[in-house]
Amino acid sequence: MKHTGTQAIGSSLDDAQRRLANDGFIALTGMCEASLVARLLDVSLSRSRDITAALGAQAIGIGSAAGFLEIVQRSPGRWDIPLSPAEFGVEDRSLPWWPLIADTLGADAEHAFSGVVYSDPGSPAQFWHIDSPHVTAEYQPPHALNVMVALHDITLAMGPTEFAAGSHRLTNHLHNPLLVSDELVYQYETTCPERLVAGTQKDVPERISFPLTAGSCLVFDDRLLHRGLGNESTSRRSVAYFSYRQAGYRENTHFESQRSIYPAGH
Ligand SMILES: O=C(O)CCC(=O)C(=O)O
């Protein structure tokens, strides 16, 4: 596993776009002001308290289809609570990363999902996965981007997100008949960087993860192989996320359940 230093967006949007195109992700150090981070964290904690109380003893499985409208367990001990920009008290196009989103997906890019993902102490690493599949056999620029915001300093022990660098170019199941879309999108034990290049002379994509300071962001292509690492610390690890899609792109494997944790009429 390589630990690389994070890189500020700097003065050049072109440079950020180039890195995103080459590596499938970019780390933007200190992207958010403390007041924005505090707001995102406060709203996240308050919502997670309410949701956990309302969930009570109701059983919740792993994965989007086994979850609820209000909460999904992405992997054991890793919880995803959707929160709209309005609930966070922000405007999705006024956030500091918007210029990179608009330059990459188009000025008419749409907000797709947002919320908080937190992992409990002791929760294991996820299996490698992508967030949505390629849509054509020929390589296309990204149809969706995710922004993850560190809501506090995240040490390696807390389990930051790990990326397989450049793997967005190798996850195309329409181009590579050895790959199966569902095995990439849903978490399968056998999906890993090596699998993407099996039977070829290509290099195995490098695994990259690094600690993050509060307010730093990871922006990544939806088709990049990634996973949340295990939380070996004694603290909850929280990241807010904002996902954007090209205008007109509609596929949704993110929130598939229609049931609510609240009784009908709540
Ligand atoms: O928790 C993380 O770092 C990543 C989470 C993730 O990729 C997912 O739940 O789909």
Q | Low-density loop cleavage sites - GluC sites (Glu not before Pro) in the stretch 169-246, where at most 12 other Cβ are within 10 Å (DSSP) | A | Glu189
Q: Scan the stretch 92-167 for GluC sites (Glu not before Pro) in coil per DSSP, keeping those whose Cβ has at most 14 other Cβ atoms within 10 Å, and list them by number.
A: Glu138
Q: Give me the net charge of Ser216's neighbourhood, meaning all other residues with Cβ under 13 Å from the Cβ of Ser216; Lys, Arg count +1, Asp, Glu -1.
A: -2
Q) Taking the Cα centre of the chain as the origin, how large is its charge dipole in debye, to the nearest 20, when only Lys and Arg (+1) and Asp and Glu (-1) carry charge on their Cβ atoms? A) 340
Q. Which is farthest toward the positive dipole end of the stretch 13-245 among Asn176, Val37, Trp128, measuring Cα position about the Cα centre, with Cβ charges +1 (Lys, Arg) and -1 (Asp, Glu)?
A. Trp128
Q. What's the local net charge at Tyr188, with K and R +1, D and E -1, over the other residues with C-beta under 13 Å away?
A. -1
Q | Relative contact order (%) - criterion: Cα under 8 Å, at least six apart; region: the chain | A | 33
Q | Total formal charge among the other residues, if their Cβ is under 13 angstrom from that of Ala34, Lys/Arg +1 and Asp/Glu -1 | A | -2
Q: Choose one of Ile101, Gln258, Pro85: the residue whose Cα lies farthest towards the positive end of the charge dipole of the chain (beta-carbon charges +1 Lys, Arg; -1 Asp, Glu; about the Cα centre).
A: Gln258
Q.
Just want the answer: with Cβ charges of +1 for Lys and Arg and -1 for Asp and Glu, which residue in Ser209, Tyr241, Thr191 is farthest toward the dipole's positive end in the stretch 184-257?
A. Tyr241
Q: Tell me the trypsin sites (Lys or Arg not before Pro) within the stretch 129-204 that lie in a loop according to DSSP and have at most 15 other beta-carbon atoms within 10 Å.
A: Lys202
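Is any helix in the chain, taking whole DSSP H runs, at least 30 angstrom long along its axis by alpha carbon and on average at least 1.0 on the Kyte-Doolittle scale, and which ones?
For the chain, where a helix must reach 30 Å along its axis and average at least 1.0, there are no hits.
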Q.
Run the helix sum for the chain: -39,500 (n - 2.57) per DSSP H stretch of 4+ residues, divided by residue count, reported at 222 nm to the nearest 500 deg cm²/dmol.
A. -5500 deg cm²/dmol
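Read-outs: derived from the displayed coordinates by stated rules, not from any lab. For clarity, every value in this text was computed on a predicted model and none was experimentally measured. Counting neighbours? That spans all protein chains shown, and the Cβs are built from the backbone with ideal geometry, glycine included.
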